[in-house]
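Student: Just passing along the structure, written as structure tokens.
The values are calculated or read from the model by the stated rules, or taken from the named source; none is laboratory data. Remember, predicted model here, so these are calculated numbers, not experimental data. Cβ placement follows ideal geometry from the backbone for every residue including glycine, while neighbour counts extend to all protein chains displayed. Ligands, DNA and RNA are stripped out before the accessible areas are found, and what is left, the full protein with its side chains, is counted by its heavy atoms. Shrake-Rupley method; radii C 1.70, N 1.55, O 1.52, S 1.80 Å.
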Amino acid sequence: MSGWQPIHTVYVPADRFTAATVTTWGQEALDLLHKHLPSPDELASVFDVPLDLARAVHPRVVAKLTDEPIEDVRIDFEDGYGNRPDQEDDHVAAAVTAVQALHDAGALPRRWGLRVKSYADDEDRSERTLRLFLESFESLPPGFTVTFPKVLEESYVPRFSSLLGSLGSELTFELQVEDPRTLPFLRPGLDPRLAAAHFGVFDYTASLGLPPHEQRLDHPACDHARNLMQTAFSTTAVELSDGSLAASPASDASDDVHALWVRHAALVRHSLSNGFYQGWDMHPSHLVSRFATVYAFHLATYPSYRERVDAWEAQSQVAGIMDEPATVKTLAAALRRADGALGSR
């Protein structure tokens, strides 16, 4: 994959994915913003940020939703799609048509791909879907990857990687950490095609026996799993992504929309503060809270980080701060990440 990492990944069930999906999501998110967050004043109140920061964030969110509402999309043939053995081939063909139309129109997200079924559920179906999809393209548009869910045994990884190798030498995949059984075999060099690891909150918390109301991204059990993912891949180029919020506004009333945004923003901030800079979005409303929270996170710290890096390079220091070399490296990395996020519209 490229050095750029998307802010989010949008998952759309395969039977609902069309050439209009990106535009529709963007327009629905914009409509929600214009109706329920029309100015920086409302953004400051809902997202609990200073008004000066809100004034910088609000126009960026509007521009982002207008120009590039989805940075990364997965056409989902797994949990979001279900078991449809008599329909899946047809939906593969429809997805190919939709992707080609998006690509021809210049509207295909910079990163995109499939989530196939797990080998734990149906290995034959997983491989058939991937083969049918990839072999339907004369030339595969750039940015493709495939999400490999529920990796319950280490043997799944080389088998799936071998399949990818037979379909294209440059193909990569991302595995999902959705069960404690996955954690012990995460390590540097797990597979040369492995480009990312994504956390699956609901399967993971369910596998631990947590009650339904505790199946949330900010549960301590999820923090533990994410920390193990970070530890396993800290010396590699494997990207890390957090999971999702399975909720949408309860109604079109502003109180309900704002409540959803407050809840989602808190989870996004939790991910960001723990070093997970990408997450899943499952509903157009999530785009507003995702971009608003990410932009506020980076803009709030950018000037001070820049000052400290500049001071270090000038062999001086900011008053009251004694930065270590390791900290300066993370400051510089944070600035690069912010440049990628803030400049990606």
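Student: State, to one decimal in nm, how far the label point of Ala314 lies from the label point of Glu138, with both points 7 Å from Cα in the Cβ direction.
Tutor: Simple spin-label model gives 5.8 nm for this pair.
Student: Mind checking which lysines have their C-alpha under 20 Å from Lys329, skipping anything on the same chain fewer than 8 residues away?
Tutor: Qualifying lysines at Cα under 20 Å: none.
Student: To continue, here is another question. Placing one identical point scatterer on every Cα of region 166-306 and ignoring solvent, what is log10 I(q)/I(0) from the Debye formula at q = 0.09, 0.10, 0.13, 0.15 Å⁻¹?
Tutor: Per q value, in the given order, log10 I(q)/I(0) is -0.32, -0.39, -0.64, -0.83.
Student: Just the ratio, please: alpha-carbon radius of gyration of region 1-148 over 2.2 N^0.38 Å, N its number of residues. If you can, show how the numbers build up before the last one.
Tutor: Numbers: Rg = 17.9 Å, N = 148, 2.2 N^0.38 = 14.7 Å.
After normalising by residue count via 2.2 N^0.38 Å, the value is 1.22.
Student: Grab the DSSP H runs of the chain that are 4 residues or longer, score each as -39,500 (n - 2.57), total them, divide by all residues and round the 222 nm result to the nearest 500 deg cm²/dmol.
Tutor: Working: 11 runs with 176 residues, N = 345.
After summing the helix terms and dividing by the residues of the chain, the value is -17000 deg cm²/dmol.
Student: Per 10 Å bin, what percent of the C-alpha pairs of region 264-329 does each bin hold, from zero upward?
Tutor: Each 10 Å bin holds this share of Cα pairs: 19, 38, 25, 15, 3.
Student: Also, I was wondering about something else. D for the chain, whole µm²/s, Stokes-Einstein with Kirkwood Rh over alpha-carbon pairs at 20 °C and 1.002 mPa s: what number? Can you show the working numbers first?
Tutor: On the way: Rh = 21.1 Å.
Answer, rounded: 101 µm²/s.
Student: Compactness ratio of region 86-175: Cα Rg over 2.2 N^0.38 Å, N = residue count? Let's see the in-between values first.
Tutor: Numbers: Rg = 13.1 Å, N = 90, 2.2 N^0.38 = 12.2 Å.
Its radius of gyration relative to the 2.2 N^0.38 Å reference: 1.08.
Student: Can you work out the FRET efficiency for the pair Thr236 and Ser155, with r the C-beta to C-beta distance and R0 = 30 Å, to the nearest 0.05?
Tutor: FRET efficiency, Thr236 to Ser155: 0.90.
Student: Nearest 0.05, what FRET efficiency do Ala247 and Ala326 give at R0 = 35 Å with Cβ-Cβ as r? If you can, show how the numbers build up before the last one.
Tutor: Numbers: r = 38 Å, r/R0 = 1.09.
The computed FRET efficiency comes out at 0.40.
Student: Of the beta bridges DSSP finds with both residues in the chain, what % are antiparallel, to the nearest 5? Before the final figure, lay out each step's value.
Tutor: Numbers: 0 of 27 bridges.
Roughly 0 percent of the DSSP beta bridges within the chain come out antiparallel.
Student: Right, another one. Cross-link candidates for Lys117: which lysines have Cα within less than 30 Å, leaving aside residues fewer than 8 places away along the same chain?
Tutor: Here the lysines satisfying the reach criterion relative to Lys117 are Lys150.
Student: Here's a follow-up. For the Cα atoms of the chain, what angle does the longest principal axis make with the long axis of helix 21-36, in degrees from 0 to 90, nearest 10?
Tutor: Rounded to the nearest ten degrees, it is 30.
Student: Under a straight-distance cross-link criterion of Cα-Cα below 19 Å, which lysines are reachable from Lys64, leaving out those fewer than 8 residues away in the same chain?
Tutor: Lys64 reaches Lys35.
Student: Taking the Cβ of Arg269 as the center, what net charge do the other residues with Cβ under 14 Å away carry, scoring Lys and Arg +1 and Asp and Glu -1?
Tutor: Working: positive: Arg216, Arg263, Arg290; negative: Asp48, Asp218, Asp223, Asp242.
Taking every Cβ under 14 Å from that of Arg269, the sum is -1.
Student: What's the local net charge at Gly143, with K and R +1, D and E -1, over the other residues with C-beta under 11 Å away? Present the calculation step by step, with values, prior to reporting the outcome.
Tutor: On the way: positive: Arg110, Arg111; negative: Glu71, Asp72.
Around Gly143, the surrounding residues sum to 0.
Student: Could you tell me the relative contact order of the chain? Use alpha-carbon pairs under 8 Å, at least six residues apart, and round to a whole percent. Provide the component values of the computation, followed by the final result.
Tutor: Values: 507 pairs, mean separation 65.9, N = 345.
Once divided by the residue count of the chain, the mean separation gives 19 percent.
Student: Tell me the net charge near Gly165. Cut-off is 14 Å between Cβ atoms, Gly165 excluded, with +1 for each Lys or Arg and -1 for each Asp or Glu. Spell out each step's value before the answer.
Tutor: Details: positive: Arg131, Arg159, Arg193; negative: Glu127, Glu170, Asp191.
My count for the surroundings of Gly165 gives 0.
Student: Per residue, how much accessible surface does region 55-100 expose to a 1.4 Å probe? Answer in Å², no decimals.
Tutor: Details: 1790 Å² over 46 residues.
Per-residue value: 39 Å².
Student: Taking only C-alpha pairs under 8 Å that are 6+ residues apart, what is the relative contact order of region 156-281 in percent? Don't skip to the answer; put the middle values down first.
Tutor: Values: 147 pairs, mean separation 28.4, N = 126.
In percent, rounded to a whole number, it is 23.
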